[in-house]
1. With the structure loaded, tell me whether Phe96 is within 20 Å of Ala194 (Cβ to Cβ) and surrounded by 23 or more Cβ atoms within 10 Å (Cβ to Cβ) or whether it fails that test.
2. Provide a single number: the residues in region 186-217 that are more than 17 Å from Leu89 (Cα to Cα), free of Cβ contacts under 8 Å to residues at least 60 places away in the same chain and in a helix (DSSP H, G or I).
3. Looking only at region 56-89, which residues are of a type in the set (Lys, Arg) and surrounded by fewer than 19 Cβ atoms within 10 Å (Cβ to Cβ)?
4. Name the residues in region 103-117 that are surrounded by fewer than 21 Cβ atoms within 10 Å (Cβ to Cβ) and more than 17 Å from the chain's Cα centre (by Cα), would you?
5. Within region 163-183, track down each residue that is open to solvent by less than 20 Å² (accessible area, probe 1.4 Å) and in contact with a helix residue (DSSP H, G or I) (Cβ under 8 Å, 6 or more places away or on another chain).
6. So which of Met167, Met186 is within 16 Å of the ligand (Cβ to nearest atom), outside the structural domain of Pro13 (by TED's automatic domain parsing), under 20 Å from the mean Cα position of the chain (by Cα) and more than 29 Å from Gly305 (Cβ to Cβ)?
7. Looking only at strands (runs of 3 or more DSSP E) that fall completely inside region 56-162, which ones have 2 or more residues that are over 16 Å from Ile230 (Cβ atoms) and more than 16 Å from the ligand (Cβ to nearest atom)?
8. From the list Ile26, Ile11, which residue is among the hydrophobic types (A, V, I, L, M, F, W, C), surrounded by 10 or more Cβ atoms within 10 Å (Cβ to Cβ) and within 30 Å of Phe121 (Cβ to Cβ)?
Amino acid sequence: MDLLSKKARGIRPYTAGEQLRDRKYIKLNTNENPYPPSPRVREALAAFDAGELRLYPRPDADLLRQAIAEKEGVSPENIFCGNGSDEVLALSFPAFFDPDGAGACFADLTYSFYEVFAAFFGIPVKMVPLRADFTFDLEKMRAVPCRGYYIANPNAPTGVGIGRAEMERFVESVPDKIVIFDEAYMDFFGESCALLALRHPNVLVVKTFSKSYSLAGIRCGYAVGCEALIAGLRRMKDCFNSYPVDAVAQAVCTAAVGDTAYYADATAKVVSERVRLQAALRGMGFTVPESRSNFLFAGRGRRGGGEIYRALKEGGVLVRFWDKPVLSDFVRITVGTPAQNDVLLEQLHRLS
Ligand code: PMP
């Protein structure tokens with residue numbers, strides 16, 4: 001007897017990057033930050049009173065929302081917090097799309113979780129191919145009959161970014177549709193659309209503590225939007241889990257978000273290594289779209305991505321590979337510390 005539902009039997013879940021613990025790898029496969037979080041995080045953890053764990057956390061993460069609002073230049077009513085930006089994105093599907101509606105539009109090559117969320121919630125999907133240079137075809141997307149859009153900016157896994165001015169023109173051209181910007185990697189680009197949410201009621205911007213804040217282990221993400229959109233997310237949250245952000249995460253993220261100087265420095269280091277790595281990879285004959293994120297999408301015709309992935313793994317360097325059309329020519333490489341990147345380059349030289 002199969003006790004699973006049709007959905008549990010039929011759905012194809014998202015495959016997260018490997019989190020291998022069998023040996024020590026140089027881990028450049030899941031876009032984590034190579035630098036530790038702000039020292040204020042350690043202080044917040046040390047100061048955290050374990051006795052507090054007896055109680056449920058603040059259901060709407062009030063203090064954290066206030067700290068995020070200050071940083072983003074909006075008010076706490078414009079912020080929603082979730083258990084990782086994946087959860088915020090997941091809740092956005094039932095909050096803004098209907099199974100019998102016009103559906104969600106996104107690029108054919110983008111964060112593959114959107115397709116899984118849409119399938120899970122039964123939301124129709126309209127995919128628009130990226131252009132040959134891996135940029136979004138916004139003209140085509142604008143013309144698609146749909147309820148709204150998911151735009152990862154910078155995009156994953158390509159790393160390509162679009163400036164704020166162009167995004168604002170897009171948002172203004174589709175006033176009746178919601179535009180959800182997934183800005184997981186935006187701090188490495190610096191063109192956030194968060195403030196557009198104050199001027200445009202159809203804009204929702206989703207961010208995370210996992211990448212630029214070096215806090216992937218704490219699982220916290222947030223959305224910035226007008227009060228009506230934030231209320232929609234909150235309604236969905238309270239249908240699943242009233243307390244998605246635990247008390248430790250709230251304390252840690254509140255401490256981290258205030259340390260702008262520390263994170264500006266860490267981000268600058270990652271960006272400078274990205275520039276160096278990108279030039280080195282191109283010099284070795286790789287095709288690498290201009291990256292605005294903390295990773296590089298690198299392909300070389302004569303060796304498939306799979307071969308590079310396997311050879312690097314053997315040498316103790318993990319990168320991300322997808323055995324799928326188009327993607328299988330490429331690997332996605334997270335920017336590491338200078339020393340880690342040197343090992344990567346050395347191994348790639350040996351392969352060529
Ligand atoms: N959006 C994009 C584009 C991502 O690559 C990721 C990380 N896999 C996420 C969202 C989710 O990040 P998190 O749930 O750690 O906030």
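1. So Phe96 does not fit the description; no.
2. Looking only at that region, the number is 3.
3. Within region 56-89, Arg58, Lys71 qualify.
4. Hit for region 103-117 is Gly103, nothing else.
5. Met167, Phe170, Val171, Val174, Ile178, Val179, Ile180, Phe181, Asp182
6. Of Met167, Met186, the one residue that is within 16 Å of the ligand (Cβ to nearest atom), outside the structural domain of Pro13 (by TED's automatic domain parsing), under 20 Å from the mean Cα position of the chain (by Cα) and more than 29 Å from Gly305 (Cβ to Cβ) is Met167.
7. Here the list reads 125-128.
8. Within the list Ile26, Ile11, the selection yields Ile11.
The values are calculated or read from the model by the stated rules, or taken from the named source; none is laboratory data. Note that this is a predicted model, so its numbers are computed, not measured. We place every Cβ from the backbone using ideal geometry, glycine too, and count neighbours over all the protein chains shown. Heads up: the accessible areas ignore ligands, DNA and RNA and are worked out on the full protein's heavy atoms, side chains in. Shrake-Rupley method; radii C 1.70, N 1.55, O 1.52, S 1.80 Å.
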